[in-house]
Structure formats: C-alpha cells, structure tokens
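> Quick one: structure below, then a few questions.
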Amino acid sequence: MRILLLTQSFNSLAQRFYTVLEDSGHNISVEFDIHETVTLEAVNTFKPDLVIAPYLRRKISREVTNKVLCWIVHPGPAGDRGPSALDWAILRGEASWGTTILEAIEEYDAGPIWASSTFPMRMASKSSLYRREISDAAVVCLITALKKFEESGSNANHGIEPAGQFRRKITAEDRKIDWKNDTVLTVLRKIWSADGSPGVLDEINGFPFYFHDALPAEGLGGLPGEVLGVNAGAVCKAAVDGAIWIRHLRPLKDGDGRGIKLPSVQWLNQRGLELPVLKQSPPEQIIFEARNGIGYFHFPFYNGAMSTVQCQQLRQEIRLRKTGPEKVWVLSGGPDFWSNGLHLGQIEQAESPADESINNITAMNDLVRELIYCTDKYIIAALAANAAAGGVFLSLSADKIIAREGVILNPHYRNMGNLYGSEYWTYLLPRRLNPQAARELMQRRLPMSAKRAFGIGLIDDVFRAGRDSFRGRIHAYARSVNEGEISGLLDKKSKNLAADNGRKMISAYVKGEMEKMKLNFYGFDPSYHIARYNFIRKQPLSWTPLYLAKHRAPAPENTILNQKKG
C-alpha cells in the first residue's frame, strides 16, 4: 500500500511506524504537519491509500479526511479522548492504560476505533512510558488495524465505538507543586507527567527552573519545600513525607532563547548557588554488575546522551574491571536508550561549542579504542533500547551485537548538519558490511529496524522477546559463550586485531575521521552548528526534509539497504 505518515515531527513513534511499515513492504512517505494546505498538497501528490498520524497536535482538516481514510494514534485506551491523555493518566495514577488507533473525523478523538491495546502502568515518566509501553501497544494496534483494512477496506467493521470522557488539555496549574501538602508520590507524578517536555516550573532557592528527571530520595527529608543539598549532579528537595532528587533542570531561557536541559548542579553553579553536598546520592549512572561469571555494564544516561565526562567515567570503569575474573562482558546501555552518542546539550551550552565537540568526540573515541583493544574479554552489545549516531558505532566495538526486536537504529550522522562522524566507524563498519553497503548506510538518513540491520549484517542477531525476557536470554547466551570455547574466541580476537593493525594501523582510521570532523566543527560550513542549535532548542521545521517526503523527491535507486528483508 501507499501510506503517508502525517506527524508533528519524526519522533520515536513515527520512526517505529516507519520501520514496521517499511519491513512489511509498504510504500511510505512522510509529511510534517506544518499547514493544512501542505498536508493537502502531500495527499494530492502522493495519492496514498491511507494516512496514518502517529503524533499530531491538532485535528486533520476535513478536506483531507474527505479524500482519504486517516488514522489517529491516541496514547490512551478505547474511549479516552483529549490531547493530554498520558499526562492525565500519570497524574491520576491509573493502574492500566493503552493505545488506540481511531479514524479521524470532525469531532476530536471521536471517530470509529480500528484497534486498541492495553498495558499495566509503570511508575515512570511520560517520555519513558511513551517510548516503551505506548510504542509497543501502538505497533500491536497498527498491525491489527492494517489487517482489518487489507481484508475489508475502509468499510471494515470496527467493533468498538468511543464513548468515553473528553479531558481538556493539561495546564501548568494542574501540575503546580504544593510543597506544603504534596507527598513524594504526588510530586513525582506531577514531574513525570511533564517529562521530557515541558517540565514542571518551580524554583530552587528563588531561581525558577523547569524540573525534569525526578526520582525518590530514599532516607532523606526536611521541611516541606526545603532544598536539602546536592550530590552526583542532582539537587534534593523535601516534600511532606520525604524528599525527591531532581537530576535535570531547564531554565526559562538562557540568554539565547529556549533554555537547555542539563544536570541540575551545572545550572545551580552557574547561578552561583552553593549547596551542601549530601552523604546520600541518587542512583549511579554507570553500574557494573557481576553475575554468574558475566560482567554487565549498565549506563542509563539521560536521553542516551554521553558527555565528555560520562565517556571518560565509563572508560575508567571499563579499565578498572579489566583485572576482574569475568571473561565475558555485556554492554547493556540503558532501558530507554542504549546510546545516542555525543551530548549535544553540553556542546551547545559550552563557551566554545566547537572545542567541546572535539573534547566529546575524543572521549567517545578513547572509549571505543578501550573496547577494541580489550582482547582478553569477549564483549556483547545487548541493545534492549534504541541507539543512534555514535551510539550505534559504539556498539560495533563489541564482538557480538544482539538487539531486541522492536529496537530502532539510526546508524548515520548526516542529519546533524552533514557531520562526518568518528568512533572508528571507518575501521569497524567495513568489518561487517561490504564497501557498497557501507557507503549506502552512511549516506542513508532513515531509521532502520533491528530486523533490517540483522538482514544486512550490521548486527549479529535479533531476539524476539519482551524487555524482561530479553535480559534473561542475553544472560543465557553470555553464559553459553563463557562455558564454551572462550579461550579460542579470545585467541582469535587477539590475532584478528594484530592482523588488522598489520594491514593498516587502527589509529590511522580515527586520525582520518578527526580531520573531517574538525572541518565540521571549525570549517567555513556552519551546517553542524545550525543543526545542533535547532535540535537542542526544538526549533520547528518549516518544511519536510526530502529524504522523508519521498513524494517531493526523485525516485530512489534500488540499493542494498532498501531491499525488503525476510
């Protein structure tokens, strides 16, 4: 089928839908919801059989819905209506929630329901629930609804009719924290319902900030509303029955428009606030776990971004654990992101973004080199969550890459202002792909499913498993490697590395990459700096990029990467 994805932005759910539809062999194009006339033009040009809207902030016009069947993805169960569905569910403490695909009509969220799927609610932020439970349920709905459409067309018997309550758009007042009366759980729900955007506006010792990335501060308490102190980059504030950690803050503005979300202490220091350092600390961002002879590195960095310091800390942890008895390591990343590479927020906020870009990519490269030269450990990259840019190429430093089905990879840098990229990709990628496929991959700007990445040889395996069972299957696989011919694997790894260095010193690869990166950072073309600025400050696009809007671009060539995989 010809399917047009109509979306506010190419967010995680839109990318998930794109890859599911691409793997199913559909002809897909994307249009950003910029203006009604632009949407109508896209429909008239592409002539889709179906329009699917995974993420919109307004209704689709009647002119469009009269021309073609349009589906809306609603982040709530059948019968729920309104623009702030998941926000209200978190605030109300719903025990279960869901995702629904319904037909777009004039009345908001009132069209016939094509599919709905429910799930138990987790105590988590809106962004985490959206990327995991909402996304998984939405894919179930998509597959169900497409099957109905293919069998019966637009006149399918939908079965469920919406009859629920319409809830208004949530406001800042609904989430305003009452420190004299709100419990820890209430405060957390308010912040979680606004994370990652827009955050909850509050204050730290008189300075206004949007609060993000909050969690309970076990064993701490004080006068309600009192700022207790800081530790590990987070600030702690007391509620009526305990306290919470706030790990990230965003100022209303930072002198150049929209404020940047950064670790709390970083902003507090800039405001000249000196707070006591508490003995207790929030959970570590880098955790090593030894289990049954397997070493696990967990690094659940916020939004998957890895700053210069975080790269250095992870490298130090790896170096520290080299003397341990474990012969098999698992790089687990985090539950919401495996890794997204450079910390563009830290770069944007730096006095010299170009200098900090160099510092950050150098730290990433040092981390990758540490893993490449770790020949006495067999390393498994276990991707339970999405990875992008430098995070994908970080995973290539492992001996085995296994992803959970449903994971999305963005193995390219070009969307960030034609960034060349580093992380030893010119050495690591050709070990997995032939020259033509490697060139195509680095030119491609589109997301790729784990299934397709496995099909072209970018990764080694895909486990069809839920998030919890994926961990169990990874552990079972790691143990089988450890109990098998591990000495032979490590000997082969060492010999292969020596042979690679014999053909061309591995250091030469990264030297060539960095020469290109310096042109991105310091050269005459400002594309990288403009793209980074727009990305961090969430500047809306005034057009849909041609690599997404295929109906506005020339027909693509038949390449290795766009062939359908079984």
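The values are calculated or read from the model by the stated rules, or taken from the named source; none is laboratory data. Owing to the predicted nature of the structure, the values given are computational and were not obtained by experimental measurement. Cβ placement follows ideal geometry from the backbone for every residue including glycine, while neighbour counts extend to all protein chains displayed. For the accessible areas, the whole protein counts, side chains as well, though only heavy atoms, and no ligand, DNA or RNA atoms are used. Shrake-Rupley method; radii C 1.70, N 1.55, O 1.52, S 1.80 Å.
> Give me the net charge for the shell around Ala172: Cβ to Cβ below 12 angstrom, other residues only, Lys and Arg +1, Asp and Glu -1. Don't skip to the end; give the middle numbers.
Details: positive: Lys169, Arg175, Lys176, Lys190; negative: Asp87, Glu173, Asp174, Asp202.
Net of charged neighbours comes to 0.
> How big is the antiparallel share of DSSP beta bridges in the chain, given as a percent to the nearest 5?
Details: 42 of 78 bridges.
For the chain, the DSSP antiparallel bridge percentage is about 55.
> Here's a follow-up. Is the shape of region 467-553 rounded, prolate or oblate, going by the alpha carbon gyration tensor and its root eigenvalues a ≥ b ≥ c, with a/c under 1.5 for rounded and a/b larger than b/c for prolate?
Numbers: a/c = 3.17, a/b = 1.55, b/c = 2.04.
Note, shape of region 467-553 comes out oblate.
> May I pose another question? Mind checking the log10 I(q)/I(0) for region 217-338 at q = 0.09, 0.16 Å⁻¹? Debye, one equal scatterer per Cα, no solvent, two decimals.
-0.34, -0.91
> In whole Å, how far is the Cα centre of region 467-524 from that of region 11-69?
39 Å
> Classify region 35-85 as rounded, prolate or oblate, taking a ≥ b ≥ c as the square roots of the eigenvalues of its Cα gyration tensor: rounded when a/c is under 1.5, otherwise prolate if a/b is larger than b/c and oblate if not.
Here region 35-85 falls in the prolate category.
> Another question about this same structure. All other residues with a Cβ under 12 Å from the Cβ of Gly225 taken together, and with Lys, Arg as +1 and Asp, Glu as -1, what is their net charge?
Details: positive: Lys180, Lys237; negative: Asp178, Asp182, Asp202, Glu203, Glu226.
So the surrounding residues net to -3.
> Given the C-alpha centroids of region 381-437 and region 530-555, what is the distance between them in whole angstrom?
Each part reduced to its Cα centre gives a spacing of 22 Å.
> Using a cut-off of under 13 Å, list every residue of region 362-392 whose amide N is near the label point 7 Å from the Cα of Asp500 along the Cα-to-beta-carbon line.
368-376, 379
> Rounded to the nearest percent, how much of the accessible area of region 111-200 (1.4 Å probe, protein heavy atoms only) is carbon and sulfur?
With neighbouring chains kept in place, the figure for region 111-200 is 52 percent.
> Label point 7 Å out from Ile486 along Cα-to-Cβ: which residues of region 305-332 have amide N under 19 Å?
Taking a point 7 Å out along Cα→Cβ of Ile486, the residues of region 305-332 whose backbone N falls under 19 Å are 318-332.
> So, one more: What is the Cα radius of gyration of the chain over 2.2 N^0.38 Å, N being its residue count? Before the final figure, lay out the partial values.
Details: Rg = 24.1 Å, N = 566, 2.2 N^0.38 = 24.5 Å.
That works out to 0.99 for the chain.
> With a 1.4 Å probe and all protein chains left in place, how much of the accessible area of region 375-490 comes from carbon and sulfur atoms, in whole percent? Before the final figure, lay out each step's value.
On the way: 1960 of 4060 Å².
Accessible surface attributable to carbon and sulfur in region 375-490 totals 48 percent.
> Next question, about the same structure. Which order do peptides 4-10, 515-521 fall in by mean Cβ count within 10 Å, highest first?
Numbers: 4-10: 21.9, 515-521: 16.6.
The packing order, highest mean first, is 4-10, 515-521.
> Also, quick follow-up: Based on a Kirkwood Rh over C-alpha pairs, give the Stokes-Einstein translational diffusion coefficient of region 9-94 at 37 °C and viscosity 0.692 mPa s in µm²/s. Walk me through the intermediate numbers first.
Details: Rh = 14.4 Å.
It diffuses with D of about 228 µm²/s by this estimate.
> What does the charge count around Pro545 come to, taking other residues whose C-beta lies under 12 Å from its C-beta (Lys +1, Arg +1, Asp -1, Glu -1)?
Numbers: positive: Arg414, Arg445, Lys550, Arg552; negative: Glu31.
Charge balance in the 12 Å sphere: +3.
> When the Cα centres of region 114-136 and region 263-327 are compared, how far apart do they sit, in Å?
A separation of 28 Å, based on Cα centres.
> While we're here: Using θ = phi - 60° and the Karplus form 6.51 cos²θ - 1.76 cosθ + 1.60, what ³J(HN,Hα) does each residue of region 61-66 get, whole Hz, x for Gly and Pro?
So the J values, rounded to whole Hz, are 5, 5, 4, 6, 5, 6.
> From largest accessible area down, sort Val240, Val20; use a 1.4 Å probe on the protein chains. Before the final figure, lay out the partial values.
Values: Val240 65, Val20 35 Å².
My answer, sorted largest first, is Val240, Val20.
> In deg cm²/dmol, rounded to 500, what helix-only [θ] at 222 nm does the chain give when every DSSP H run of at least 4 residues adds -39500 (n - 2.57) and the total is split over its residues? If you can, show how the numbers build up before the last one.
Numbers: 19 runs with 200 residues, N = 566.
Using -39500 (n - 2.57) per qualifying helix, the result is -10500 deg cm²/dmol.
> Over region 267-373, what percent of the accessible surface lies on carbon and sulfur atoms, probe 1.4 Å? Spell out each step's value before the answer.
Numbers: 2200 of 4690 Å².
Of all accessible area on region 267-373, carbon and sulfur atoms account for 47 percent.
> Within region 1-70, list the trypsin sites (Lys or Arg not before Pro) lying in a DSSP loop whose Cβ has at most 12 other Cβ atoms in a 10 Å radius. Show your work: numbers first, answer last.
Values: sites: Arg2, Arg16, Arg57, Arg58, Lys59, Arg62, Lys67; in loops: Arg57, Arg58, Lys59, Lys67.
Answer by residue number: Arg57, Arg58.
> Express the accessible area of region 301-422 per residue in Å², computed with a 1.4 Å probe while the remaining protein chains stay in the model.
On the way: 3620 Å² over 122 residues.
I get 30 Å² per residue for this part.
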